[in-house]
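Here's the structure we're looking at; comments come further down.
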Amino acid sequence: MTVHDVLMEVAAEQANALAVTEGATGHERPCGMTLGQDLLLKGFPLWGDLFQDGDRSENWGVAMTAEDAISMWLGDDEHTNTMLSEYRSDIGVAVAFSDQIYIALETALRTQGKCRVQHVIF
């Protein structure tokens, strides 16, 4: 996977929100947006069925090290798929601190070629 600035930004926002709320925000986004909508709004060229929120995923958790977080996420197919799916091309990760250490990992599949969404209606 390739590190992408938008995914890094989204991961940082998510990790910080988790730290501020002590994990209460989970997979939530501002204004009730989905992760796919947030990525598109920030300019990520998301691929996949946009009616199903595109090919994107997120892992988050509390861990002392990146290795601990990865081990935790490898514990089930859904979280493993976020990291290892063939339908993901880009990645972003961030860490934030408060009562604990919060790690957010974002992955998504980018469009190929010059295909881009010009207008997004929410």
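Placing +1 on each Lys and Arg Cβ and -1 on each Asp and Glu Cβ, with no other charges, gives the chain a dipole about its Cα centre of roughly 580 debye. Sorting Leu74, Leu50 from the fewest to the most surrounding beta carbons within 10 angstrom yields Leu74, Leu50.
Ranking Ser57, Ser98, Leu109 by Cα position along the charge dipole of the chain, where only Lys, Arg, Asp and Glu carry charges on their C-beta atoms, puts Leu109 farthest toward the positive end. Per the Debye calculation on the range 1-47 with a single equal scatterer at every Cα and no solvent contribution, log₁₀ I(q)/I(0) for q = 0.22, 0.23, 0.24, 0.31 Å⁻¹ amounts to -0.79, -0.84, -0.90, -1.19.
By the count of neighbouring beta-carbon atoms within 10 Å, fewest first, Glu106, Glu58 end up ordered Glu58, Glu106. Report summary: the helix-based calculation at 222 nm, which adds -39500 (n - 2.57) for every DSSP H run with n ≥ 4 and divides by the residues of the chain, gives -9500 deg cm²/dmol.
Across the range 1-115, the relative contact order, built from alpha-carbon pairs under 8 Å that are at least six residues apart, equals 39 percent.
Going from the fewest other Cβ atoms within 10 Å to the most, the residues Thr82, Thr21 appear in the order Thr21, Thr82.
Here the simple spin-label model places points 7 Å from the Cα toward Cβ, and for Met8 and Gln52 these points are separated by 3.1 nm.
Throughout, read-outs are computed from the coordinates displayed, never taken from laboratory work. This is a predicted model, so every value here is computed, not measured. Cβ: placed from backbone, ideal geometry, glycine included. Neighbour counts: every protein chain shown.
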